[in-house]
Amino acid sequence: MNLRRRSSLLLAATLVMSDVLLLPASEIPLDARRSGYDFMSRETRAMQDDDTSNPATLWVLDGEALWNAKAGTAQKSCADCHRDLSSMKGVAARYPAFDDKRGKAVDLESRINFCRIDHQQAPPLASESREMLALSAAIARQSRGEPIAPDESKMAATIDAGR
Amino acid sequence: MARALINIPPKVKRGEVIEIKTLISHVMETGFRPSNTGQLIPRDIITNFTCSYNGEEVFQSTLYPAIAANPYITFFTVATESGTLTFQWTGDNGYSVTETAQITVE
Amino acid sequence: MSTTTRRRLMQGAGALAIAGPLAVTLVRSARATPESMQQAIDKIVGSGKVTKGKIAIDIPPLVENGNVVPLTVSVDSPMTGDNYVKAIHVFNEKNPQPHVISIKLGPRAGKAAVSTRIRLATTQMVVVIAEMSDETLWTDRAECIVTAAACVEATL
């Protein structure tokens, strides 16, 4: 069979297979997904498990301080609206989430910045800046051990675009 | 901003040998890494870490570029009496951080 | 082109071909060698006799990332007023420089054991020298296999 016919047969076969699996060939099925933790060496796991030796704890502590710090022209802290940081339990685990007001999917860092702009009248924090990493680490810490489970119902278009 | 994490057992008995764990935020730039332009990024490390117990030095260490970023150092000391543990980190470019922690000895 | 010119060109090219890689090697920062590590150790021990023993080195036999290698060194000693570990020195064989950490202790330590995290540029030996209060010197070494190098790679 000539090359073109073989290519189109291959393409057809891939498409059929994709439909059967409901996923592109590269995606891991939901029940086969594992946390990166499962692949870590014993020593790396020990470092991650022990809060006293995990450098990320320094960022979490900074984040706790930032949570309580007044910011922006509104001079409000995160705590002023959200009360205790522990109220953030489960929040990071459901991100990326669909933001109704802005009509699109957003990640946790963007959500933090929307709060800053809308409610604190403060400038957004730069991506990967120390403050942003600290605040998002402190918030994410509240979801420790929880499975990552964003509500995909409103985000079908976004997810397909990612594929 | 939290720079250091110090871990001391909460209640100790007189004469007990306790482990103190310390972690400090510091890039520990070795001086051997090339930047995007190919130039070596200058060395910027903590060179010295000490711990004093009610004013008496009980631990001293000299650090080199081979110590990983965010230096984590643990050591032991005899819990002699209640008081203050003083930790000091010094290094390149005038770096100097001092933290204290209280120790309660029964 | 005449035969002479071509020959000259080829000779020139040959010289360049040899000089090329050599020039590149010289620009890169020098690595420590077991010899330079020995020199660093000699500076500490002087002419003293060093005996293998008393030291336990806890280091993973293999690490994926040489940037964060956990290391625990303990020295067998009662740590009393007249019998204690004065100093612990840790060296490496193949990082850009041979020192890792030097620690001063006294009887107030209670136990001669230290944990930290180190960088290893490649698979190599880590050597420990312990100085005792009675002026004796002890040593031991352990190997660590490193898959991703620290120190000399451009990205952290």
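Where a number appears in this text, it was derived from the coordinates with a stated rule and is not lab data. In this text, all values refer to a predicted model and were calculated from it rather than measured experimentally. Backbone-built Cβ (ideal geometry, glycine too); neighbour counts: all protein chains shown.
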A 18 angstrom limit on the alpha carbon distance is what I want to check against. Which of C:K54/C:K111; B:K13/C:K104; A:K70/A:K104 exceed it?
B:K13/C:K104; A:K70/A:K104
For the residues C:T123, C:T136, what sequence is obtained by ranking on other C-beta atoms within 10 Å, fewest first?
C:T136, C:T123
Options B:V17, B:L40, B:Y95, ranked by Cα towards positive dipole end of the range B:4-103, top entry (Cβ charges):
B:V17
Please name which of A:S127, A:A65, A:I112 has its Cα lying farthest along the dipole of the range A:56-162 towards the positive end, using unit charges on Cβ (Lys, Arg +1; Asp, Glu -1) and the Cα centre as origin.
A:A65
With θ set to phi - 60° and the Karplus curve 6.51 cos²θ - 1.76 cosθ + 1.60, what are the ³J(HN,Hα) couplings of the range C:54-64 in order, to the nearest whole Hz, using x for Gly and Pro?
6, 10, 10, 10, 9, 9, x, x, 9, 10, 6
In whole Hz, with x marking every Gly and Pro, tabulate ³J(HN,Hα) for the range A:53-66 from phi via Karplus 6.51 cos²θ - 1.76 cosθ + 1.60, θ = phi - 60°.
10, 8, x, 4, 4, 5, 5, 4, 5, 4, x, 5, 5, 5
Please list the non-local residues whose amide H lies under 5 Å from the amide H of B:L40, H modeled 1.01 Å from N, same-chain partners needing a gap of 5 or more.
B:S35
Starting with the fewest neighbours, write out B:W89, C:W138 ranked by other beta-carbon atoms found within 10 Å of each beta-carbon.
C:W138, B:W89
Three-way shape label, the range B:1-96, alpha-carbon gyration tensor, a/c 1.5:
prolate
Once amide H atoms are built 1.01 Å from N in the peptide plane, which residues 5 or more positions from C:A112, or in another chain, come under 5 Å H to H?
C:V75, C:S77
With the Cα gyration tensor of the range A:38-163 giving a ≥ b ≥ c as the square roots of its eigenvalues, does the rule (a/c under 1.5 for rounded; else a/b larger than b/c for prolate; else oblate) give rounded, prolate or oblate?
oblate
Whose amide H sits under 5 Å from the amide H of B:V105, counting only residues 5 or more places off or on another chain, with H placed in the peptide plane?
B:S82, B:G83
Cα gyration tensor category, rounded, prolate or oblate, for the range C:30-156 with a/c compared to 1.5
prolate
